[in-house]
C-alpha cells in the first residue's frame, strides 16, 4: 500500500475504534455527550423505520391508505425537524446545540414510534383504526 493512501485512510481506521469505545453512560465532555445523543437518535429512528415498515406491510392491499401514511409521515418529518430546530434555537451556534437538537429528535421520534405501535394494536373491527389487524 502506498504511503499516501495509508495517510488518507488512517483517520477512517481510527474513527471506527473511537466510536466503539464511547461510554455514553459516563460521558463527561460535550463532544462525547453530543455523539451519544446522536447515537440515541439513530436508534430511535431505526425503531421508527422498523415499525413504519410493519404498518406499510399491513397496508399492502390498501394503496390509498398507504399513500395517506406516506403523506402523513412526510409532513411529520417536516414538523419534527422544524420543532427541534425551534426547540434548540436558544443554544444555536453553541457546543451544546447538537445535544439539545438530538435529544429533541429522539423524544419526538419516540413519541411517533409509540403512536405507530398503537396502530399495530388495533383490534379486529375497530373502525377508527387505519391499519388492519393481523
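Bear in mind that the values in this text are calculations on the coordinates, not laboratory data. These numbers come from a predicted model, not from an experiment. With ideal geometry, Cβ positions are generated from the backbone for all residues, glycine too; neighbour counts draw on all protein chains shown.
How many residues does region 111-129 contain that are under 20 Å from residue 73 (Cβ atoms) and surrounded by fewer than 16 Cβ atoms within 10 Å (Cβ to Cβ)? First the steps, then the outcome.
First, the residues of region 111-129 that are under 20 Å from residue 73 (Cβ atoms): 111-122, 128-129.
Now restrict to residues that are surrounded by fewer than 16 Cβ atoms within 10 Å (Cβ to Cβ): 111, 114-115, 117-118, 120-121, 128-129.
Number of matching residues: 9.
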Subset of region 19-75 [surrounded by 11 or more Cβ atoms within 10 Å (Cβ to Cβ), outside any helix (DSSP H, G or I) and over 20 Å from the mean Cα position of the chain (by Cα)]: 27, 59, 62
Enumeration of residues in region 66-97 that are closer than 22 Å to residue 115 by Cα and out of contact with any helix residue (DSSP H, G or I) (no Cβ under 9 Å at 6 or more places or on another chain): 67, 68, 71, 72, 74, 75, 77, 78, 82
Among residues of region 79-103, those that are over 29 Å from residue 56 (Cβ atoms), in a helix (DSSP H, G or I) and free of Cβ contacts under 8 Å to residues at least 12 places away in the same chain, counted: 5
Neighbours by Cβ (under 6 Å, 6+ apart or cross-chain): first from region 104-120, free of Cβ contacts under 8 Å to residues at least 60 places away in the same chain; second assigned to a helix (DSSP H, G or I) and surrounded by fewer than 17 Cβ atoms within 10 Å (Cβ to Cβ): 104/87
